[in-house]
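The values are calculated or read from the model by the stated rules, or taken from the named source; none is laboratory data. Here the structure is a predicted model, which is why all the values come from computation and not from measurement. Cβ sites come from the backbone with ideal geometry, for glycine too, and all protein chains shown count toward neighbours. The area values use the complete protein model at the heavy-atom level, side chains included, leaving out ligands, DNA and RNA. Shrake-Rupley method; radii C 1.70, N 1.55, O 1.52, S 1.80 Å.
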Amino acid sequence: MYFDGAVNSVGSGVGAVLISPDGRHYPVAAKVDFSCTNNVAEYEACILGLQAAIDFKVKELEVFGDSMITIFQTLGQWKTKDAKLVPYHEYLEKLAKNFEKISFTYTPRAKNQFADALATLASMASISEGNIVEPLEIEVAKGPAHCNAIEASEAKPWYEDIKNFLQTGQYPPFADRRDQRRSGALRCTTF
């Protein structure tokens with residue numbers, strides 16, 4: 001699971017991405033509709049991801065985040081001194097007990113781009129209460145969209161009439177005399 005929080009001039013948002021062992025991505029995000037610091041947003045994001053993992057009945061979880069404070073406080077390497085973060089830290093530890101095995105690893109921001117994008121999107125989107133936006137489906141476009149617009153008719157390849165003409169010398173039924181005169185030179189050509 002990757003998580004991230006975003007606080008900016010437009011608003012605040014949190015995002016997490018659960019990645020299954022077979023590589024499927026399950027994004028979750030929420031707009032934070034109360035004033036918060038970046039550290040609070042990071043804890044909110046981690047908790048959102050843990051809650052989603054619990055809902056998915058995950059037993060073993062690796063957690064990755066680019067928030068040093070959230071990761072290192074959870075690992076016990078840093079003390080939680082900020083009074084605003086203490087209840088978050090305690091709740092996160094309570095949620096962590098739902099897993100048979102759980103680990104927390106700090107990851108650089110560059111490796112946390114998907115969760116960062118979700119958090120930023122949630123922070124900037126105008127979402128009213130009770131309005132649910134279905135999960136995103138993101139595909140990889142391997143080429144320009146217009147190249148996929150070729151339509152096939154009757155399941156024959158586009159070159160069927162040309163192939164038939166070259167093999168038999170017969171024009172397609174829709175060809176008129178002008179077409180036949182223009183293509184007369186083709187009959188003399190062999191491939």
- Selection count, region 83-116, where residues are in contact (Cβ under 8 Å) with a residue 24 or more places away in the chain, closer than 22 Å to residue 6 by Cα, among the small types (Gly, Ala, Ser) and surrounded by fewer than 16 Cβ atoms within 10 Å (Cβ to Cβ): 0
- Message: Could you check region 155-175 and list, in sequence order, the residues that are outside any loop (DSSP other than H, G, I, E, B) and among the aliphatic types (A, V, I, L, M)?
- Response: 162, 166
- Task: Select from region 8-21 the residues that are at pLDDT 95 or above and open to solvent by 40 Å² or more (accessible area, probe 1.4 Å) and list them in ascending order.
- Result: 19
